[in-house]
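First the structure, in the form of structure tokens, and then the observations on it.
The values are calculated or read from the model by the stated rules, or taken from the named source; none is laboratory data. Since the structure is predicted, the reported quantities are computational estimates derived from the model, not experimental observations. No Cβ is skipped: glycine too gets one built from the backbone with ideal geometry, and neighbour counts run over all protein chains shown. SASA here: full protein model, heavy atoms, side chains in, ligands and nucleic acids out. Shrake-Rupley method; radii C 1.70, N 1.55, O 1.52, S 1.80 Å.
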Amino acid sequence: MQSDALLLAAFGAIVLLTAWLPMLLRKLPLSLPMVCIGIGVLLIWSPFSPLVGVNPLENRVLTERLTELVVIVALMGAGLKLDRPVSWRGWESSWRLLGIAMPLTIAGIAFLGWSILGLGLAAALLLGAALAPTDPVLASDIQVGPPQSGKEDEVRFALTSEAGLNDGAAFPFVYLAIAIALSVASGEPFFTRWFVVDVLWKIAAGVGIGWLGGKVMGYLTFHLPKRSGLSETRDGFVALGITCLAYGSTEMLHGYGFLAVFVAAVALRSVERQHEYHESLHDFAEQIERLLMMVLLVCFGAAIAEGSIFGALSWQVIVTTALVLFVVRPLAGWVGLIGFPASSREKAVIAFFGIRGLGSFYYLAFALGHAEFEGATILWVTVCFAVLSSIVMHGVMVTPVMHQLDRSRPRSWVRMPRARPK
């Protein structure tokens with residue numbers, strides 16, 4: 001009973017800090033994820049230690065489910081705050097990062113996993129697929145502002161849209177790693193089924209169901225007659241309902257739910273782009289996302305302090321992580337943006353700030369639940385160290401870098417007028 005009360009008190013403190021810390025850290029070279037990990041370290045070192053036995057990495061299923069929830073909520077928030085209509089030219093940076101930079105990043109990380117960590121083909125590919133996507137949860141400091149806030153310069157738009165799209169686009173590579181691992185064990189061919197089902201069908205289902213669902217929810221929210229639309233409720237938790245409905249219905253039809261959630265949010269915005277209710281939906285999604293993120297990262301910090309994660313940390317893991325963060329992602333991002341009409345400074349920022357985060361934990365936990373991979377411990381240690389390193393490095397650099405970038409182009413943002421509620 002005493003431990004339960006202590007755990008409840010710790011959770012209450014985390015909830016309060018969720019609201020308070022972003023305001024305090026606004027102008028400091030610190031990020032909220034960094035502070036969350038620090039809190040977890042302090043708690044595990046305290047004599048009370050309410051987090052003993054709550055290490056999410058000790059339970060693959062728990063890790064998978066919790067990270068899955070926080071990622072889909074973050075994807076909804078990311079889609080809702082994008083003011084720019086979908087078009088090939090307007091989203092050119094997104095397509096470049098998705099179609100060029102991400103495959104190059106996966107290939108580069110897989111090569112490092114094979115050559116430095118000594119992983120087999122399936123495990124190396126899984127490492128690449130898990131670490132290649134940028135994270136929609138931990139990258140809030142470099143994303144666009146709330147709906148219609150005007151904070152949508154090209155750098156923030158590129159990183160926000162990339163984080164929303166590449167979480168779904170990474171899944172074919174995760175499934176390819178699973179298919180290779182299963183094929184090695186069974187000797188059965190895998191490529192045709194993987195390409196038809198895991199690439200063509202699942203992507204089409206994710207995009208199609210997400211877009212249709214977003215359009216339908218947009219009509220129910222904004223265009224029902226006699227002021228009976230969902231927007232009249234003013235309830236922000238409608239965003240959570242749309243998130244779960246889009247994700248669950250797509251997964252039931254064996255599509256990519258991550259992709260569907262982001263597409264549904266973008267489609268919802270397209271139905272009525274300037275209604276102020278979008279802000280309520282976004283704010284609620286962001287609050288839930290921040291709370292879940294804090295809880296998970298506090299547990300992550302506690303697991304780090306406990307020593308169970310990095311017991312197998314080696315120089316190979318450290319070198320691989322450094323190359324991923326400082327060479328592979330920046331180089332792949334730069335190649336993907338060749339010919340894109342942006343300044344060299346903006347391209348450099350987009351290429352460098354490929355933050356790794358909770359989505360990487362999800363992909364790894366998901367894949368390990370579907371097939372046996374050699375070097376599973378090395379995979380966990382590498383992903384955890386890469387995420388920790390990304391949180392610290394990018395968290396320290398993001399505030400001064402973005403402030404400097406903003407000062408260099410003060411007139412680059414265009415503020416959209418707010419519409420009156422209908």
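Give the accessible area for residue 396 in Å² (nearest 10); use a 1.4 Å probe, count only protein heavy atoms, and leave out ligands, DNA and RNA.
60 Å²
Taking the dipole about the Cα centre of the chain, with the C-beta of Lys and Arg at +1 and of Asp and Glu at -1, give me whichever of 308, 298, 220 is farthest to the positive side.
220
Considering only protein heavy atoms and a 1.4 Å probe, what is the carbon-and-sulfur percentage of the accessible area of the chain?
On the way: 12240 of 18070 Å².
The C+S portion of the solvent-accessible surface of the chain is 68 percent.
Using only Cα atoms, what Kirkwood radius does the stretch 168-212 have, in angstroms? Could the numbers behind the result be given before it?
Details: mean 1/r = 0.0903 Å⁻¹.
11.1 Å is the Kirkwood radius here.
Got a sec to turn the phi values of the stretch 379-396 into Karplus ³J(HN,Hα) couplings, 6.51 cos²θ - 1.76 cosθ + 1.60 with θ = phi - 60°, whole Hz, x for Gly and Pro?
Coupling constants for the stretch 379-396: 4, 4, 4, 5, 5, 5, 5, 5, 5, 4, 5, 5, 4, 6, 5, 5, x, 6 Hz.
So what are the radius of gyration and Dmax for the Cα set of the stretch 254-364, in Å?
18.9, 53
What figure, in Å² to the nearest 10, do you get for the accessible area of residue 334 with a 1.4 Å probe and non-protein molecules left out?
100 Å²
Grab the alpha carbons of the stretch 80-185, take their convex hull, and tell me the volume per residue in Å³.
Working: hull volume 11.0 nm³, N = 106.
That works out to 104 Å³ per residue.
May I ask you to evaluate 6.51 cos²θ - 1.76 cosθ + 1.60, the Karplus curve with θ = phi - 60°, for each residue of the stretch 91-96 and list the ³J(HN,Hα) values in order in whole Hz, giving x for glycine and proline?
Rounded to whole hertz, the list is 9, 4, 4, 5, 5, 5.
Is the stretch 170-327 rounded, prolate or oblate when judged by the Cα gyration tensor, a ≥ b ≥ c being the square roots of its eigenvalues, rounded requiring a/c under 1.5 and prolate requiring a/b larger than b/c?
Numbers: a/c = 2.95, a/b = 1.45, b/c = 2.04.
Here the stretch 170-327 falls in the oblate category.
How many Lys pairs in the chain lie less than 24 angstrom apart by Cα atoms, where the lysines are 8 or more positions apart or on different chains?
12
Is there a quick way to get the dipole size of the chain? I mean about its Cα centre, with the Cβ of Lys and Arg at +1 and of Asp and Glu at -1; what is the value in debye to the nearest 20?
Details: 30 positive and 29 negative charges, 301 e Å.
It comes to approximately 1440 debye.
Calculate the dipole size of the stretch 122-231 relative to its Cα centre from +1 charges on Lys and Arg beta carbons and -1 charges on Asp and Glu beta carbons; express the result in debye to the nearest 20. Working shown, then result.
Details: 7 positive and 9 negative charges, 121 e Å.
Dipole size: approximately 580 debye.
Given the protein chains as shown and a 1.4 Å probe, how many square angstrom of residue 219 are accessible, to the nearest 10?
110 Å²
Mind checking the dipole of the stretch 70-193: about its Cα centre, +1 per Lys or Arg Cβ, -1 per Asp or Glu Cβ, Debye to the nearest 20? All intermediate terms of the calculation are to be shown ahead of the outcome.
Working: 7 positive and 10 negative charges, 31 e Å.
My answer is approximately 140 debye.
Is the shape of the chain best called rounded, prolate or oblate, per the rule: a/c under 1.5 gives rounded, else a/b larger than b/c gives prolate, else oblate, with a ≥ b ≥ c the square roots of the Cα gyration tensor eigenvalues?
Values: a/c = 1.34, a/b = 1.18, b/c = 1.14.
Judged from the Cα gyration tensor, the chain comes out rounded (a/c under 1.5).
Students often check this: by mean Cβ neighbours within 10 Å, which of 356-363, 178-185 ranks highest, and how do the rest follow? Numbers along the way, then the final one.
Numbers: 356-363: 26.5, 178-185: 19.1.
Result, highest mean Cβ count within 10 Å first: 356-363, 178-185.
Solvent-accessible area per residue for the stretch 261-310 at a 1.4 Å probe radius, Å²?
On the way: 1370 Å² over 50 residues.
Ligands and nucleic acids excluded, the figure is 27 Å² per residue.
Roughly how many Å² is the accessible area per residue of the stretch 194-255, as a whole number, for a 1.4 Å probe?
Details: 3370 Å² over 62 residues.
Result: 54 Å² per residue.
Please state the shape class of the stretch 98-246: rounded when a/c is under 1.5, otherwise prolate if a/b exceeds b/c and oblate if not, all from the C-alpha gyration tensor. Intermediate results must be reported in sequence, preceding the final value.
On the way: a/c = 3.28, a/b = 1.76, b/c = 1.87.
The shape class here is oblate.
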